[in-house]
Amino acid sequence: MKLSNSHLAKVYEKVCKRNPHEPEFLQAVGEVLESLQTVVERHPEYVDTGIIERMVEPERFIQFRVSWVDDNGKVQVNRGFRVQFNSALGPYKGGLRFHPSVTASVIKFLGFEQTFKNSLTGLSMGGGKGGSDFNPKGKSDREIMRFCQSFITELCRHIGADTDVPAGDIGVGAREIGYMFGQYKRLNNEFTGVLTGKSMECGGSLVRKEATGYGLCYFTDEMLRAAGRSFNGARVIISGSGNVSIYACEKAVALGATVVAMSDSTGYILDSNGINLEVIKQIKEVERTDISEYTKLVPGAKFYEGSTGIWKVKCDIALPCATQNEVDGNAARALVANGCYAVAEGANMPSTPEAVEHFLESGVLFGPAKAANAGGVATSGLEMIQNSMRLTWTFEEVDAKLKEIMVNIYKKCANAAEEYGHPGNFVAGANIAGFLKVAEAMKWQGLTH
Ligand code: NDP
Ligand code: 2IT
């Protein structure tokens, strides 16, 4: 990482000293600081008011024990987290991740990035994130419910419709949100919009399920069109086969693309005729089993063990939608060598710094996560608005608002990149545009946290 600005270099040194065992958090902070060099030169007031030092330290970090009883009557203990990173723009807002790889570092990197992402949506949302090292794989529905109830019984004292509004992320969908919502309602005796990503029956919003994947394609479509390209006729690969991947696939196909490969944590499938998404939905949403099942149901399709092999599949457009650091330098080089001309991140921080550098140096159109996957949280923001007004918009109404938000995010990134001397670099553009709105709000609010 190159930080020639001495203030930013000092801030980063302090962050490294304070968080020595948190590589994902340091990676996320390093990338943003690198983008801010021209910003601090033009805005010395952000240095004088300590805005950047404050932004890299969460306002609050909560860690707690989650005990629950499994189906064999045995007590299990997991670790729960919530980081309330920044409240300058609104109530803390961000998902909950249930996955064995969850650590304080993972939650802090996600919460830090969420602050800038939420800022880009233009809606009134601060940044937060949470989760647990609980592994939902292979658990019965009753075990999932007991875990969710125990988790929210502790977290409920820290959240609220105007305070902090969690949602889903890896391992957390409408089922888990429903169990947490029910227990929150019981404990607080109130039916409020304290969680988003709810099923329609619990006060959810149409399009929230599809929003991250659809939004990713709306952003990518805008980026492609500005470069004289489009999804139409393009060969696309999508990593993961969860919530984001499935609806990215659905929209990419609707826009004329052929999706030839998808993956999960066990491996990837290749189907040159175009993935049959109904089969994927059945395997991953209904049966919750492994993607290799696809080859039993679709003749001619192939399964390859190991999820990283997918980046060697020839494609025009790649949409990483599984997890952090899934695209490393080797994967990026393989993609570029095979003619891939656009990459947009559905997952959070899926590309390593080396991969991002290679994409930018090679002239690949690159849509960074904070901008490209903001459609999920943006639609959560729309769910909060509908909950406050106690009404429900139609699918078409929400979808139109989502699309408008994604097109605006693209414009904000492109304009900020241009204005601050990095034309075409949407990583810098997203970080700068996201940062400026939060920084201005913090300036107006004086020295708070
Ligand atoms: P899901 O739990 O629905 O799906 C996750 C998918 O990624 C699964 O296919 C899973 O495989 C795979 N996966 C998870 N961890 C790993 C790993 N360590 N290695 C390889 N594959 C892995 O999660 P989402 O689709 O909701 O989230 C995917 C990404 O998108 C995450 O980075 C998340 O932070 C981000 N995101 C999500 C948003 C949302 O609204 N849900 C919004 C914005 C970003 P398997 O089935 O085998 O576990
Ligand atoms: O990373 C993300 O933006 C999400 N997981 C969605 C968060 C939300 O509050 O909808």
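Here are the numbers:
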| read-out | value |
| --- | --- |
| Test: Lys137 is surrounded by fewer than 20 Cβ atoms within 10 Å (Cβ to Cβ), farther than 20 Å from Leu402 by Cβ, at pLDDT 95 or above and within 15 Å of ligand 1 (Cβ to nearest atom) | yes |
| The lone exception for Met389 - which of (1) free of Cβ contacts under 8 Å to residues at least 40 places away in the same chain; (2) surrounded by fewer than 24 Cβ atoms within 10 Å (Cβ to Cβ); (3) in contact with a helix residue (DSSP H, G or I) (Cβ under 6 Å, 6 or more places away or on another chain) it fails | (3) |
| Any chance Ala332 is at pLDDT 95 or above and in contact with a His (Cβ under 6 Å, 6 or more places away or on another chain) | yes |
| Criterion (away from ligand 1 (no atom under 16 Å from the Cβ) and out of contact with any Asp or Glu (no Cβ under 7 Å at 6 or more places or on another chain)) met by exactly one of Thr115, Thr103, Thr121, Thr153 | Thr153 |
| Any strands (runs of 3 or more DSSP E) falling wholly within region 252-328 and containing at least 2 residues that are more than 30 Å from Arg225 (Cα to Cα) and either within 16 Å of ligand 2 (Cβ to nearest atom) or in contact (Cβ under 8 Å) with a residue 12 or more places away in the chain (or both) | 302-305 |
| Among the candidates Tyr268, Tyr247, residue that is under 16 Å from Thr220 (Cα atoms) and aromatic (Phe, Trp, Tyr) | Tyr247 |
| Region 412-449: number of residues that are free of Cβ contacts under 8 Å to residues at least 60 places away in the same chain and within 23 Å of the chain's Cα centre (by Cα) | 5 |
| Subset tally (residues that are assigned to a helix (DSSP H, G or I) and within 15 Å of ligand 2 (Cβ to nearest atom)) for region 179-201 | 2 |
| When residues of region 365-374 are limited to those that are touching a helix residue (DSSP H, G or I) at 6+ places or on another chain (Cβ under 6 Å) and among the hydrophobic types (A, V, I, L, M, F, W, C), the one farthest from ligand 2 (Cβ to nearest atom) | Leu365 |
| Complete set of residues in region 372-388 that are small (Gly, Ala, Ser) and under 17 Å from Asp399 (Cα atoms) | Ala372, Ala374, Gly375, Gly376, Ala378, Ser380, Gly381 |
| Residue in region 347-369 that is modelled with pLDDT of 95 or more, near ligand 1 (Cβ under 9 Å from one of its atoms), on the phi < 0 side of the Ramachandran plot and not in a loop (DSSP other than H, G, I, E, B) present | yes |
| Criterion: over 25 Å from Leu155 (Cβ atoms), surrounded by 15 or more Cβ atoms within 10 Å (Cβ to Cβ) and of a type outside the set (S, T, N, Q) - qualifying residue of Leu89, Leu36 | Leu36 |
| Exclusive hit being acidic (Asp, Glu) and touching a residue at least 12 places away in the same chain (Cβ under 8 Å), set Glu345, Glu361 | Glu345 |
| Test set (1) surrounded by 15 or more Cβ atoms within 10 Å (Cβ to Cβ); (2) out of contact with any Leu (no Cβ under 9 Å at 6 or more places or on another chain) - Pro299 fails condition number | (1) |
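Yes or no, residue by residue, for (1) within 13 Å of ligand 1 (Cβ to nearest atom); (2) at pLDDT 95 or above; (3) surrounded by fewer than 22 Cβ atoms within 10 Å (Cβ to Cβ):
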position: Asp141; (1), (2), (3): no, yes, yes
position: His158; (1), (2), (3): no, yes, yes
position: Arg175; (1), (2), (3): yes, yes, yes
position: Gly178; (1), (2), (3): no, yes, yes
position: Gln183; (1), (2), (3): no, yes, yes
position: Ser199; (1), (2), (3): no, yes, yes
position: Val207; (1), (2), (3): yes, yes, no
position: Glu210; (1), (2), (3): yes, yes, no
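The values are calculated or read from the model by the stated rules, or taken from the named source; none is laboratory data. Note that this is a predicted model, so its numbers are computed, not measured. For neighbour counting, all protein chains shown are included, and Cβ atoms are generated from backbone atoms with ideal geometry for every residue, glycine included.
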